[in-house]
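All remarks here apply to the structure that follows.
The values are calculated or read from the model by the stated rules, or taken from the named source; none is laboratory data. Since the model is a prediction, treat every value here as computed from it, not as a measurement. Because the Cβ atoms are built from the backbone with ideal geometry, glycine has one as well, and the counts that use them run over all protein chains shown.
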Amino acid sequence: MQKDLPVLTRVSTSPELILLDRGSLRVEIALRPFSLALHCAGRRLLRAASAWVAEGSVHDHFIQLTEGVVAREDLDPVERALRAELTDRGEDAVALALTLEGGRAARLEIALPADDRVSLSLRAAGTPLRLALEWDRRSGERFVGLGARHGTQLDQAGRVVQLGADRRYTGPDCPPDMLAAGGIPQGDCAPVPWMLSSRGYGVWVETTANGTKFDLAGERVAVSTRAQAGPLSVSLLCAPTPAARLRAFCRLTGFPALAPEWGYGFWKSRDIHEHQDDVLDDFHGFRHHAIPLDAIVIDSPWATQYNTWEFNPFQFPDARGMVTMLRADAVRTVVWVTPWVNLDSRDGQIPPQPESERLLREPAANYAPAAAAGHFVQDTSGPFVAQWWMGTGSQVDFTSPGAERWWRAQAKPVLELGVEGIKADDGEGYYLPEEVRLADGRSGAAAAWALGELHRRSLQRALDEVHPRQGVVFARSGWSGQQAIGFTWAGDQASDFWSLRVLVVATLAAACSGISNWSHDVGGYLGHRLVERCPPELFVRWLQFGCFTPLMHAHSRMAQEPWNYGERVLELYRGYVLLHEMLVPYVRAAAVTAARTGLPIVRPLCLSDPGDPRGWTITDAYGYGPALWVAPVLDDGAREREVALPRGDWIETWSGRSVQGGAESLVPAPLERIPVWVRSGSIVVSYPAEHVARGLGDVPEHERPLVATLWGSPRLGRSAVRLADGTRIGWRRGRWSVSAPREISFRTVAA
């Protein structure tokens, strides 16, 4: 006889109070007047929580040139919840009828589906603009996450963030009139509706809608969405530490992908390879100057039109031979694509051949059959057609199984030529109007940001079918779940020190949002003042930061090949790319940890030591894997910098000197050096320099030679690491051990 399963959540009711208890969680709901409090392990995390709605109108303005959104709404006075009445009671949930100011009715459902999670869902009668949940902001409360926040502060307290419309350039080249207006709007391309609070909770807004807002500016915290998208659904995650809360978020949305080795290597790109000879010029330049190289990215344009998945024969007369030749020398090929298929590509980038110009004046050959089959996002008259930055066309609707199969089939012939990576540009939700319709029945208002992840999944599936476990997606558009597919890159930056500083902040914010496989354009894509290449000193400092980024990626509109900068810069470039390659086994081991636990490769201090209050505000240094602390140099002309070291014992990599953490240190930072420390007692495993001098190549991971370095003395007399291939390397009281036969050199750095 089957026994009844125990009810995990206890629900207690009285005329004035409802209590929900599960494990260490308790939700207290006062009915008259309505308010809600959340306790975890006896500590009150949220107090005086309530709900509101507001009528209003939207006046967001999309600036296509910079892909920036200027957000503006005219809101009527908010209608707050006055009282509540219990209407439904389930095993782990209750439903409340709310009466709002002005008499509007609303419904709030509250559930405890897990021991560390509270779910809330709010809907309201009528057609309000916004639905919101709010609670008291506590004194000194800090907020991090929300995706790649390109700003000067990691802590978002004091700000109002509308995801997809929250990036402004306010650097040195911003015109004064634009600066006075808040800066130049830029593409906010990797937002995530997820936030960590220093008070002990995380907030995930379960939506893919434009207009999602986190108001952290006043005495009350408010999270809200536009009601046209449907109910406001929020999960509060209350695990004991920020890292555990991030793990719970990844459990719901996907753990970071573990990419193949070459995905953590060094990739070279340029804005336009006008001809096949330019690709070979990159390849031969890196080989001639003895710089490691793992992949060449062929950015736009390369296809006959945007986006046919067919190599332009006038631009690439022997694409198969080119890809085969590169691959024979262990260099992969990555091609660029967006989810648009064009009717007119004349506004895009066009190779300088008359035949190519003729091709790109024509509609993409795959447009008409796809439109006839209903593979595009639809408006009232057929396929939704819009202008984007490479012409005019329609977006593929990846909620349609038929459209997804068609797109995947388009990609496969290129992959079968030997292409092993796809750079998936564009796809952000700010391009989709509210009224468009998707095949799964949702509107643009409800699902504008859903297509980016679905595009990633389609491309990864195509790669897996042609190159099992070896293909890499490198994508820009993000939202909840983006961390589970491929790599995310940081979008476009200008080449100035301000942009580098806010890029480091974006890297930390992305890490707090679960994005582990991360990259950026070394030297900045847009150039200095948008018209010249990155200045040499900035180029070196960006290079150093890129060395300690999971994927090191060089890409620019300008001629930023290192041999254009003189012998000293070239030597530094060679050395830092080589160091990045040597660290791949260490980084891949951290990537395995991310795939299992959600703890990213880049580790802001608030994730690794939540007891240190500095961790919520440090913007210019970070943990890199379990053992390294990295402090990029972010000021022009700086030859020293102040660094906040985490608590514990550390060893300076440049001097071998032991230092005590927990305070700020002023350290030397000559141009050739990025300050890096190793946690004392740690083993760092790398590849020998000679093994990766040309790149990672094709040696199976478990057959590669290794160098295992013990830094300092472990406190307990032992230390151990486990690599991505399962190899375990240990040190115990002066003796090394390895779990499987390997060619390994052992080193000790005594502090």
Residues of the range 368-381 being surrounded by fewer than 23 Cβ atoms within 10 Å (Cβ to Cβ) and either touching a residue at least 40 places away in the same chain (Cβ under 8 Å) or not in a loop (DSSP other than H, G, I, E, B) (or both), in sequence order, are Ala368, Pro369, Ala370, Ala371, Ala372, Gly374, Gln378, Asp379, Thr380
Condition test on Ala484, is it surrounded by fewer than 23 Cβ atoms within 10 Å (Cβ to Cβ) and aliphatic (A, V, I, L, M)?
-> yes
Which condition does Val341 not pass, out of (1) at pLDDT 95 or above; (2) of a type in the set (Val, Ile, Thr); (3) in contact with an Asp or Glu (Cβ under 8 Å, 6 or more places away or on another chain), if it passes all the others?
-> (3)
Which pairs do you get when a residue that is under 20 Å from Thr617 (Cβ atoms) and free of Cβ contacts under 8 Å to residues at least 24 places away in the same chain, found in the range 493-509, comes within reach of a residue that is assigned to a loop (DSSP other than H, G, I, E, B) and not small (Gly, Ala, Ser), reach meaning Cβ atoms under 6 angstrom, with the pair 6+ apart or on two chains?
-> none
Which one of these is of a type in the set (Val, Ile, Thr), without any contact (Cβ under 8 Å) to a residue 60 or more places away in the chain and touching a strand residue (DSSP E or B) at 6+ places or on another chain (Cβ under 9 Å): Val436, Val472?
-> Val436
Selection from the range 318-343 of residues polar (S, T, N, Q) and either surrounded by fewer than 19 Cβ atoms within 10 Å (Cβ to Cβ) or more than 20 Å from Ser300 (Cβ to Cβ) (or both) yields Thr324
Picked from the range 135-156 (must be of a type in the set (A, V, I, L, M) and under 23 Å from Val70 (Cβ atoms)), the residue nearest to the chain's Cα centre (by Cα) is Ala148
First in the range 722-737 and assigned by TED's automatic domain parsing to the domain that holds Thr709 and part of a strand (DSSP E or B), second anywhere and loosely packed, with under 13 Cβ neighbours inside 10 Å and charged (D, E, K, R), Cβ under 9 Å, 6 or more apart | Arg722/Arg728; Ser737/Arg728
Which residue pairs have Cβ atoms under 9 Å apart, sit 6 or more places apart or on different chains, and have a first residue in the range 382-402 that is closer than 21 Å to Glu453 by Cβ and touching a residue at least 24 places away in the same chain (Cβ under 8 Å) and a second that is surrounded by fewer than 21 Cβ atoms within 10 Å (Cβ to Cβ) and hydroxyl-bearing (Ser, Thr, Tyr)?
-> Ala386/Thr392
Residue list for the range 298-326, filter: in a loop (DSSP other than H, G, I, E, B) and either farther than 23 Å from Trp389 by Cα or among the hydrophobic types (A, V, I, L, M, F, W, C) (or both) = Trp302, Trp309, Pro313, Phe314, Phe316, Pro317, Asp318
Output for the range 30-62, where each listed residue is closer than 28 Å to Ala445 by Cβ and either of a type in the set (Asp, Glu) or assigned to a loop (DSSP other than H, G, I, E, B) (or both) = Glu55, His59, Asp60
Within the range 231-259, how many residues are touching a helix residue (DSSP H, G or I) at 6+ places or on another chain (Cβ under 9 Å) and in a loop (DSSP other than H, G, I, E, B)?
-> 9
So which pairs qualify, if the first residue must be in the range 591-613 and closer than 17 Å to Phe249 by Cβ, the second must be at pLDDT 95 or above and of a type in the set (Lys, Arg), the Cβ gap must be under 6 Å, and the two must be at least 6 apart or on different chains?
-> Thr597/Arg247; Gly598/Arg247
The strands (runs of 3 or more DSSP E) lying wholly within the range 596-693 that contain at least 1 residues that are farther than 22 Å from Leu706 by Cβ and among the hydroxyl-bearing types (Ser, Thr, Tyr) are 622-624, 658-660, 664-668
Only one residue in Gly730, Gly712, Gly681, Gly695 is at pLDDT 95 or above, in contact with a helix residue (DSSP H, G or I) (Cβ under 8 Å, 6 or more places away or on another chain) and surrounded by 16 or more Cβ atoms within 10 Å (Cβ to Cβ). Which one?
-> Gly695
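Identify all residues within the range 89-102 that are of a type outside the set (A, V, I, L, M, F, W, C) and either at pLDDT 95 or above or surrounded by 20 or more Cβ atoms within 10 Å (Cβ to Cβ) (or both); write none if there are none. Outline the logic, then answer.
Of the range 89-102, the ones of a type outside the set (A, V, I, L, M, F, W, C) are 89-92, 99, 101-102.
Scanning the range 89-102 gives Thr99, Glu101.
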Restrict the check to the range 209-223 and report whether at least one residue is hydroxyl-bearing (Ser, Thr, Tyr), more than 18 Å from Ser443 (Cβ to Cβ) and buried (at least 20 other Cβ atoms within 10 Å of the Cβ).
-> no
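Just checking, how many residues over the range 32-57 are in contact (Cβ under 8 Å) with a residue 24 or more places away in the chain and either crowded, with 18+ Cβ neighbours inside 10 Å or polar (S, T, N, Q) (or both)?
The number of residues fulfilling the criteria is 14.
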When Pro433 is evaluated against the numbered criteria (1) touching a helix residue (DSSP H, G or I) at 6+ places or on another chain (Cβ under 6 Å); (2) surrounded by 19 or more Cβ atoms within 10 Å (Cβ to Cβ); (3) more than 23 Å from Asn517 (Cα to Cα), which criterion, by number, is the only one it fails?
-> (2)
Within the bounds of the range 350-363, is there any residue that is hydrophobic (A, V, I, L, M, F, W, C) and closer than 23 Å to Ala462 by Cβ?
-> no
Tell me which residues, restricted to the range 197-230, are in contact with a Leu (Cβ under 8 Å, 6 or more places away or on another chain), outside any strand (DSSP E or B) and within 20 Å of Leu46 (Cα to Cα).
-> Arg199, Gly200, Tyr201
Would you confirm whether any residue within the range 599-609 is out of contact with any strand residue (DSSP E or B) (no Cβ under 6 Å at 6 or more places or on another chain) and either within 26 Å of Ala750 (Cβ to Cβ) or surrounded by fewer than 19 Cβ atoms within 10 Å (Cβ to Cβ) (or both)?
-> yes
Examine the range 263-273 for a residue that is assigned to a loop (DSSP other than H, G, I, E, B) and either within 20 Å of Ile110 (Cα to Cα) or in contact with a Gly (Cβ under 7 Å, 6 or more places away or on another chain) (or both), and state whether such a residue exists.
-> yes
Go through the residues of the range 553-563 one by one and say whether even a single one is assigned to a helix (DSSP H, G or I), farther than 18 Å from Asp271 by Cα and either among the aliphatic types (A, V, I, L, M) or in contact with a Phe, Trp or Tyr (Cβ under 6 Å, 6 or more places away or on another chain) (or both).
-> no
Got a sec? Which strands (runs of 3 or more DSSP E) wholly within the range 64-164 have at least 3 residues that are touching a residue at least 40 places away in the same chain (Cβ under 8 Å) and at positive phi?
-> 143-147
Of the conditions (1) among the small types (Gly, Ala, Ser); (2) buried (at least 22 other Cβ atoms within 10 Å of the Cβ); (3) closer than 30 Å to Asp620 by Cα, Gly151 clears all except one; give me its number.
-> (2)
